[in-house]
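Visitor: Starting off with a structure, shown below.
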Amino acid sequence: MATMRAARLNVRTKTLEVKEVPRPVPGRGQVLVRVKAAGVCLSDVHLIDGTLSPLYLEGDEVTLGHEVAGVVEELGPEVLDTEVGERVALQAGRIDHHGRVLTRGVDYDGGWAEYALADEETLVPLPDDLPFAQAAIIPDAVSTPWAAVTGTGDVGPAEAVAVWGVGGLGAHAVKLLRLVGAAPIIAADPDPRARERALDFGADVALDSTAPDFPARIGELTDGHGLAVAFDFAGVPVVREQALEVLGEHGRLILVGLTDKPLVVADGTRFSYLKQQILGHYGSEPEHVIQLVQLVRAGRLDFSTSISGTFPLEEAPAAVERLEKRIGSPVRLILQP
């Protein structure tokens with residue numbers, strides 16, 4: 001039996017180990033993809049530390065990795081529109097025969113491996129000039145903020161926006177907000193490296209959200225009107241409370257960062273009087289990934305500055321540690337099997 005290397009998480013013991021496992025064989029409607037690049041996401045960190053738990057995983061082990069790009073290596077029966085050798089990114093999930101939405105690298109094996117299985121319908125063709133490392137991060141690292149900006153947030157031209165937490169997703173939110181014409185775009189982060197990066201990604205202003213004059217600066221930048229849209233990519237209760245304080249009339253607070261802590265609306269009367277909204281956001285839809293690849297192909301987006309480092313598959317635990325401890329303030333780290 002052919003084998004391959006894979007980074008396997010035991011969700012019961014919370015141990016991550018790179019080891020030899022059987023190489024999967026594509027079934028009906030599936031393809032086998034030789035992985036060229038796979039992103040390391042904060043969700044992977046949370047799976048390892050137990051903050052997140054798979055809902056539908058069969059057994060105790062899973063190969064991590066939901067941000068994946070590679071080359072089609074082998075076709076299963078009844079694959080109709082795909083050829084061996086095609087360059088593809090993989091959607092971050094699929095729908096099973098029970099109608100459940102399953103996440104790659106969480107509920108079933110992902111791309112921290114030499115090979116990954118994928119249903120043909122989850123393949124996204126890539127242009128030849130898009131590097132695999134940049135393509136891999138589009139599902140999730142880019143598609144989640146894109147869905148938050150264009151869908152949940154419904155951001156329009158010249159709307160004043162602020163992004164709290166300019167890490168892997170927040171940095172891309174800044175870039176995407178500029179694409180849709182938001183103005184001004186304000187980045188809020190206590191980390192000076194993150195603020196500098198936000199300016200490089202297209203923010204008009206980058207502020208220290210812990211500074212005493214932070215609310216006053218938001219007022220100045222919005223001519224006293226407050227924010228039209230506030231994005232919480234940090235998942236921190238104090239951020240959400242701070243964002244509510246600087247929202248304007250009809251302002252929307254979009255919750256993208258995850259936390260199990262309660263959200264407190266300190267002044268419910270003001271919130272209602274200004275007709276404000278709090279909207280939860282999670283992930284993206286397949287069309288968002290397709291749209292982003294088309295925008296890259298059209299020259300509207302470039303993710304060359306999003307890759308903060310690459311690691312061989314054997315160093316997956318080191319990449320996880322670097323992301324967890326924010327060593328070097330990374331945007332996205334990449335595993336290359």
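The values are calculated or read from the model by the stated rules, or taken from the named source; none is laboratory data. It should be emphasised that the depicted structure is a prediction, and the values quoted were computed from it without experimental measurement. In this analysis, Cβ positions are derived from the backbone assuming ideal geometry, glycine residues included, and neighbour counts consider all displayed protein chains. With ligands, DNA and RNA removed, areas are computed over all heavy atoms of the protein, side chains included. Shrake-Rupley method; radii C 1.70, N 1.55, O 1.52, S 1.80 Å.
Visitor: Give the distance, in whole Å, between the Cα centre of the range 22-66 and the Cα centre of the range 178-234.
Guide: Answer, in whole Å: 35.
Visitor: Also, I was wondering about something else. Looking only at the chain, where both bridge partners belong to it, what percent of the DSSP beta bridges are antiparallel (to the nearest 5)?
Guide: Values: 37 of 63 bridges.
Among the beta bridges of the chain, antiparallel pairing accounts for roughly 60 percent.
Visitor: Which value in deg cm²/dmol, rounded to the nearest 500, describes the helix-derived mean residue ellipticity at 222 nm for the chain, given -39,500 (n - 2.57) per DSSP H run of n ≥ 4 and division by the residue count? List each step's numbers first, then the result.
Guide: On the way: 10 runs with 85 residues, N = 337.
Only helices count here, giving -7000 deg cm²/dmol.
Visitor: Using a 1.4 Å probe, what is the accessible area per residue for the range 107-168, in Å²?
Guide: 27
Visitor: Taking the radius of gyration and the Kirkwood hydrodynamic radius from Cα positions alone, what is the Rg/Rh ratio for the range 174-286, to two decimal places?
Guide: Across the range 174-286, the Cα-based Rg/Rh ratio is 0.94.
Visitor: Could you point to the residue in Gly76, Thr305, Val25 farthest towards the positive end of the chain's charge dipole, with +1 and -1 charges on the Cβ of Lys/Arg and Asp/Glu respectively?
Guide: Thr305
Visitor: Compute the acute angle (0 to 90°) between the alpha-carbon long axis of helix 192-201 and the principal axis of greatest extent of the alpha-carbon atoms of the chain; round to the nearest 10°.
Guide: Its long axis makes an angle of about 80 degrees.
Visitor: What FRET efficiency would be calculated for the residue pair Met1, Leu199, taking the C-beta separation as r and a Förster radius of 56 Å, to the nearest 0.05?
Guide: Working: r = 52 Å, r/R0 = 0.93.
Approximately 0.60, to the nearest 0.05.
Visitor: Work out from phi, with θ = phi - 60° and the Karplus expression 6.51 cos²θ - 1.76 cosθ + 1.60, the ³J(HN,Hα) of each residue of the range 316-323, listed in order in whole Hz, and give x for Gly and Pro.
Guide: In residue order, the calculated couplings are 3, x, 5, 5, 4, 4, 5, 5 Hz.
Visitor: Between Asp208 and Arg300, what FRET efficiency comes out of the Förster formula 1/(1 + (r/R0)^6) with R0 = 35 Å and r the beta carbon distance, rounded to 0.05? Walk me through the numbers on the way to the answer.
Guide: Values: r = 31 Å, r/R0 = 0.88.
For Arg300 and Asp208, the calculated efficiency is 0.70.
Visitor: Residue by residue, what Karplus-based ³J(HN,Hα) values in Hz, rounded to whole numbers, does the range 9-24 have, using 6.51, -1.76 and 1.60 with θ = phi - 60° and x for Gly and Pro?
Guide: 9, 8, 6, 7, 8, 6, 10, 10, 9, 8, 8, 7, 9, x, 6, x
Visitor: Under a 5 Å amide H to amide H cut-off, with H placed in plane at 1.01 Å, what residues pair with Phe311 once short-range neighbours are removed?
Guide: Ile334, Leu335, Gln336
Visitor: May I ask you to give the percent of accessible area on the chain that is carbon plus sulfur, with a probe radius of 1.4 Å?
Guide: Values: 7570 of 14990 Å².
Carbon and sulfur: 51 percent of the exposed surface of the chain.
Visitor: What Kirkwood radius, in Å to one decimal, follows from the Cα pairs of the range 127-209? Mind dumping the intermediate values first?
Guide: Numbers: mean 1/r = 0.0778 Å⁻¹.
Kirkwood hydrodynamic radius for the range 127-209: 12.8 Å.
Visitor: Using 1/(1 + (r/R0)^6) with R0 = 41 angstrom and r between the beta carbons of Thr13 and Ser272, what's the FRET efficiency to the nearest 0.05? The partial results should precede the final answer.
Guide: Values: r = 48 Å, r/R0 = 1.18.
It comes to 0.25.
Visitor: For the range 1-124, I need the span (max minus min coordinate) of the C-alpha atoms along each principal axis, in Å, sorted largest to smallest.
Guide: 40, 31, 25
Visitor: Tell me the per residue accessible area of the range 214-279 using a 1.4 Å probe; a whole number in Å² is fine. If you can, show how the numbers build up before the last one.
Guide: Values: 3400 Å² over 66 residues.
Roughly 52 Å² per residue, with all protein chains present.
Visitor: A 29 angstrom limit on the alpha carbon distance is what I want to check against. Which of Lys275/Lys325; Lys19/Lys325; Lys19/Lys175; Lys175/Lys325 exceed it? Display every interim value, and only then the final one.
Guide: Numbers: Lys275/Lys325 39 Å; Lys19/Lys325 25 Å; Lys19/Lys175 38 Å; Lys175/Lys325 24 Å.
From the list (Lys275/Lys325; Lys19/Lys325; Lys19/Lys175; Lys175/Lys325), the Cα-Cα distance tops 29 Å for Lys275/Lys325; Lys19/Lys175.
Visitor: A follow-up question, please. 5 Å is the cut-off here: which amide hydrogens, built 1.01 Å from N in the peptide plane, fall below it relative to Ala37, excluding neighbours closer than 5 in sequence?
Guide: For Ala37, the qualifying residues are Ala69.
Visitor: Starting from the Kirkwood radius over alpha-carbon pairs of the chain, derive D by Stokes-Einstein at 37 °C in a medium of 0.692 mPa s and give it in µm² s⁻¹.
Guide: On the way: Rh = 20.6 Å.
Roughly 160 µm²/s, to the nearest whole number.
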